[in-house]
1. Go ahead and run the numbers for FRET between residue 11 and residue 49, Cβ-Cβ distance against an R0 of 35 Å, rounding to 0.05.
2. What distance in nm separates the simple spin-label points at residue 253 and residue 123, each placed 7 Å from Cα in the Cβ direction?
3. Between residue 56 and residue 4, what length comes free when the chain is fully extended (0.36 nm per residue of separation minus the Cα-Cα distance, one decimal in nm)?
4. If neighbour count is taken as other Cβ atoms inside 10 Å, put 277, 105 in order from fewest to most.
5. Quick one: if you stick a label point 7 Å off each Cα along the C-beta vector at residue 218 and residue 267, how many nm between them?
6. Please work out, to two decimal places, the log10 of the ratio I(q)/I(0) at q = 0.10, 0.12, 0.20 Å⁻¹ from a Debye calculation in which every Cα of segment 158-281 carries one identical scatterer.
C-alpha cells in the first residue's frame, strides 16, 4: 500500500471517527465544559500572570496517561477493545502492543460536561474546597484541535463503532476486491487504536468526561506530586475561552468570590462570571 493510499484511508477514518464522536458530544448541546481544580492551581499558573499573548493567557497541564487517577486506564481500553474486535470482526490481537504502543504515551487533559457535580467536587475539586473553570467548548475545541468524549459502557462502544463503520460505507458491501479488504483492515486498525484513550471503566461514568488527547508531544516537563515525578506538557488557551468560575460548595461564597474576582481582574479576566455551587456538601 503506497503512502498516498494510506493518507486517504487515514483521512476517511478520521472523518468517520469525528462523525461518531458528535453523537456523544457536540458544542451546541454542551456549550461549556468544566475543569475541576483548586484556588491554589488558579493562583499558581492556570491563569498566566504575564502571558506572551492573549492566546497564552490560560495554561493547562496535559498529563501522561500512565499517571492518571485510574492507573489501569489504557490497559482497560485495550482489554475491552480486544474482546470487541474479536467478537465483531473475528480478529485476534495477541497483546496490547498490537493495538497500542505503550512507549508512545498519550497526554491527557480532562474536562467534564457536569457543571456542578458532587462526586467531581469530592474527587477533583479539593473535597469541595476547590473551584471549577467553565470553558467555551467551541473555543476549547479550536485551541486543542482534538477533544473527544469518553465511552463507559458496552452499549456506547457498540454505538460508536456502528456509527463510524456506517460512515465508512464499504463495510456494508459484501462484494469487495482483495485490495478493498486490505484497505478495510487498515481503516479498522486505525479506528480501533484511536478509540483506546476514549474507553474508561464504568465506575468513572459520573465524570461524563471530554478529554484532550495527544500522542505527538514535544517539550515534556516534569512535576512532583504525592511521591511521584509526573511527565506533562503545557497547553495554552486564549483568555476569552474562560467564561465562568464555580466556587466549591464547602467555601464561603462571598469571601471567595471577592478574592478571586479581584485577582482575575488584575490579570485582565474581566468578563468571567463567578457563581456558587448549589451542591449540598460539607467536608467534615
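Every read-out reported here was derived from the displayed coordinates using simple, explicitly stated rules and does not represent laboratory data. Just so you know, these numbers come straight off a predicted model, no measurement behind them. Counting neighbours? That spans all protein chains shown, and the Cβs are built from the backbone with ideal geometry, glycine included.
1. 0.30
2. For the pair residue 253/residue 123, the computed spacing is 2.6 nm.
3. Gain on stretching residue 56 to residue 4: 15.1 nm.
4. On the way: 277 23, 105 18.
Result, fewest neighbours first: 105, 277.
5. 2.7 nm
6. -0.65, -0.84, -1.23
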